[in-house]
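Derivation of every value follows stated rules applied to the coordinates shown; laboratory data play no part. All values reported here derive from a predicted model rather than from experimental measurement. Here Cβ is always computed from backbone atoms with ideal geometry, including for glycine, and neighbour counts include all displayed protein chains.
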Amino acid sequence: MSDIFREVDEDIRREKYRRLWDRFGPMVIAAAVLIVAGTGGYRGWLYWQETKAREAGDQFLEAVSVADAGNPDQALAMLESLNDATGGYPDLARLRMAAELARTDRQAEALTQLDAFARDTSVPEPLRAVAALRAGFIAVDTETYPAVADRVERLTAADNPFRSAAREILALSAWKADDVDTARRWISAIEDDPETPGDTASRVRLLAGLIDARHGPDEQAVESADGVSQ
């Protein structure tokens, strides 16, 4: 008798499974197909992205080579064609275009591009900072101290990795504007920072020497030094 009950039990279970499959089987198959298709599509998209990024990288390097060979206009056209490229190459191309414009004495165009880049919130902050610094270096020769400060002073905070370069730009701009006090203030900030790179510190010492030779030594610094020695 127990065998009969067991067989009946199994028949009932099989019937339940068959009904469940009839009801949900097509959905299970469809879901499996979608998963397989989605995975394949995603992998295909990744491969396409990698291929496009490699192509953009090759074109960027070729444009740099063309520029170094003395063909800036051709290089600029190649870089401009990377505006819609994959990956970070559009941003790198914009920075390189500005560098080429500055190198070929088109500072006003370079400044326009760099200023727009530095204000572009879609660009990663480190690249925006680099653009601001490059604009600041160009503006030292062509614009007033306030215009230079407007570009780079935000980078002078004690925790900013670009602070030494920004402070050096401001010191140089203030010196060119004959604003000795401001120039010395930025020089002191550079000299007092233990993390100032050695090459920056050397250039700033030369600038401080030029200022002292023309305007005499900083009286406050001399007094401070005398106070320490006493």
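Hey, fewest Cβ within 10 Å first, where do 100, 168 land in order?
Listing 100, 168 from fewest to most nearby Cβ atoms yields 100, 168.
Normalised by the residues of the stretch 77-142, what does the relative contact order come to in percent, with Cα pairs under 8 Å and at least six apart?
Once divided by the residue count of the stretch 77-142, the mean separation gives 23 percent.
How big is D for the stretch 157-219, in µm² s⁻¹ as a whole number, if Stokes-Einstein is applied with the Kirkwood radius of its Cα pairs at 20 °C and 1.002 mPa s?
185 µm²/s
Taking R0 as 41 Å, what's the FRET efficiency between residue 109 and residue 206 from their Cβ-Cβ distance, rounded to 0.05?
0.85
Return the equivalent ellipsoid semi-axes of the stretch 77-142 as a descending list in whole Å, where each equals the square root of 5 times an eigenvalue of the C-alpha gyration tensor.
19, 15, 8
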